[in-house]
Amino acid sequence: MVAGPGVFICDQCVELCNEAISKDATGVKQTPRAGRGEEAIRFWRHVLTAHPFQPWVVFENGTCVVLREPEGDLAEQARALLLKWGRDPDFKVRKIGGHDERLVLCNHPDILNYMTADEISTLESASRGNGAMMRTTIGIMVRYRRGMDSRDLKVIHVEADPPVQA
């Protein structure tokens, strides 16, 4: 069991996370991929353009920091927020309306991460339909990515201006 302040994760959930992380969608053992790059930028651009524009910053493992009160160097402002809040052990998993991806939030409302539909499909086959286990597993895996981003603080993209409408 993994335990911490207000967090208790059973051995079965930890085992499921480790199994899911180590295999791809076909069940073949894989090495962890480095970063999420363009995939993360496309994802956040799609999700965040549905709302009034606010600048946002993406980190190597897909964590996005939305800057509601932008000032100065946006990357540095996002790094400071992620450094302070990125290792928060709590998480909330939310389905994005009309999409298979999941949004994962921490206790700071402007720090977000996600899990792709392909990753979720892999987990669903391993969890055998246990919804609570799925949410926990998604949250733990994405919290790990957020933790890596809060450790490395490697910014891969800053979206400072609203997209140009064609």
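Numbers below:
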{"quantity": "Residues of region 97-152 satisfying the condition of being within 12 Å of the chain's Cα centre (by Cα) and of a type in the set (Lys, Arg)", "calculated": "Arg102, Arg143, Arg145, Arg146"}
{"quantity": "Lone unmet requirement of (1) in contact with a Lys or Arg (Cβ under 6 Å, 6 or more places away or on another chain); (2) surrounded by fewer than 13 Cβ atoms within 10 Å (Cβ to Cβ); (3) among the hydrophobic types (A, V, I, L, M, F, W, C) for Leu105", "calculated": "(2)"}
{"quantity": "Wholly within region 30-138, strands (runs of 3 or more DSSP E) carrying at least 2 residues that are closer than 14 Å to Leu153 by Cα", "calculated": "56-59, 64-66"}
{"quantity": "Only one of Gly4, Gly62, Gly72 that is under 22 Å from Met134 (Cβ atoms) and at pLDDT 60 or above", "calculated": "Gly62"}
{"quantity": "Neighbours by Cβ (under 8 Å, 6+ apart or cross-chain): first from region 84-110, farther than 17 Å from Ser121 by Cβ; second hydroxyl-bearing (Ser, Thr, Tyr) and part of a loop (DSSP other than H, G, I, E, B)", "calculated": "Gly86/Thr63"}
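The values are calculated or read from the model by the stated rules, or taken from the named source; none is laboratory data. As the structure is a computational prediction, the values presented were derived from the model and not from experiment. As a convention, Cβ positions derive from the backbone with ideal geometry for all residues, glycine included, and neighbour counts pool all protein chains shown.
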